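Coordinate-derived values only; no laboratory data. Only a predicted model underlies this, so the values are computations on that prediction, with no experimental measurement involved. We place every Cβ from the backbone using ideal geometry, glycine too, and count neighbours over all the protein chains shown.
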Amino acid sequence: MKYTMKQARIGANLTGEEMAKTLGISAFTYRKYERNPLLMSVGLFAKFCEVVGLTIDDIFLPSNLPKKQENENA
């Protein structure tokens, strides 16, 4: 089963603010990553997985960018 970042964080009994502090980033930045994990660096994502006790393969990652971002990059 794949988990969203939010599901994984909640499963680890952490608030968004606690996770942000653990990762060494602002709560605003963490919320942005939770909405779109593709923005997160591989190293930070690996640290997130370590904190929640899951592997990278356990976390759902969208396979494409939202339409707004696709249009901006065209």
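Around the Cα centre of the chain, unit charges on the Cβ atoms of Lys, Arg, Asp and Glu (plus for the first two, minus for the last two) sum to a dipole of about 200 debye. Here the simple spin-label model places points 7 Å from the Cα toward Cβ, and for ASN13 and LEU61 these points are separated by 3.0 nm. Distances between placed amide hydrogens fall under 5 Å for THR4 paired with PHE60, all partners being 5 or more residues away or on another chain.
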